[in-house]
Every structure is written in C-alpha cells, then in structure tokens.
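As structure tokens, the structure follows; a few thoughts come after it.
No lab work stands behind these numbers, since they all come straight from the coordinates. Because the structure is a prediction, the values reported are computed rather than measured. Because the Cβ atoms are built from the backbone with ideal geometry, glycine has one as well, and the counts that use them run over all protein chains shown.
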Amino acid sequence: MEGKSRMGSHNPGVKCVVNSCHYYAQGDHCNAQQIEVQHRNAQTSSETDCATFKPGQGMS
C-alpha cells in the first residue's frame, strides 16, 4: 500500500477510529483511496491487520 494518497473526502462505509493514522478524518472516517486488510487465512478479527496504516504527522 506504499505510496497511496488521501482522497479529498472520506471513503463511504469505512469507519476508522485510529486517530494517529495519516488517513484518519474527523468523525472516524478514512480518507485513503483504498484500504488493504491482511492476513489471508484469519479466523478472528484479532488476526487481521490494516496494512494501509501510516503514522500521521507528528507520529513516529
């Protein structure tokens, strides 16, 4: 997902509460053009991972 850019508005139907992410938008929205959720054979939500996450400004 490297090099993906932000959209000017949020991605409808995608809720994100990770306010430290570069793609986070006020109101718990996601401004990424697309998202990628991994791992292929996950059986529970705790086995998944948002590969789109990128630290926001001021985050390391």
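In segment 8-26, the residues that are surrounded by 12 or more Cβ atoms within 10 Å (Cβ to Cβ) form Cβ pairs under 7 Å with partners that are among the charged types (D, E, K, R) and not in a loop (DSSP other than H, G, I, E, B), at six or more places apart or across chains, as follows: Y23/R6. Applying the selection to segment 6-27, what residues are within 14 Å of G56 (Cβ to Cβ) and part of a loop (DSSP other than H, G, I, E, B)? Listed by number, the residues that qualify are C16, V17, V18, N19, S20, H22, Y23, Q26.
Restricting to segment 19-60, name every residue that is in contact with a strand residue (DSSP E or B) (Cβ under 9 Å, 6 or more places away or on another chain) and farther than 20 Å from S9 by Cα. Answer for segment 19-60, where residues must be in contact with a strand residue (DSSP E or B) (Cβ under 9 Å, 6 or more places away or on another chain) and farther than 20 Å from S9 by Cα: V37, Q38, H39, A42, T48, D49, A51, M59. Of all residues in segment 48-58, one or more are of a type in the set (G, A, S), assigned to a loop (DSSP other than H, G, I, E, B) and in contact with a Cys (Cβ under 8 Å, 6 or more places away or on another chain).
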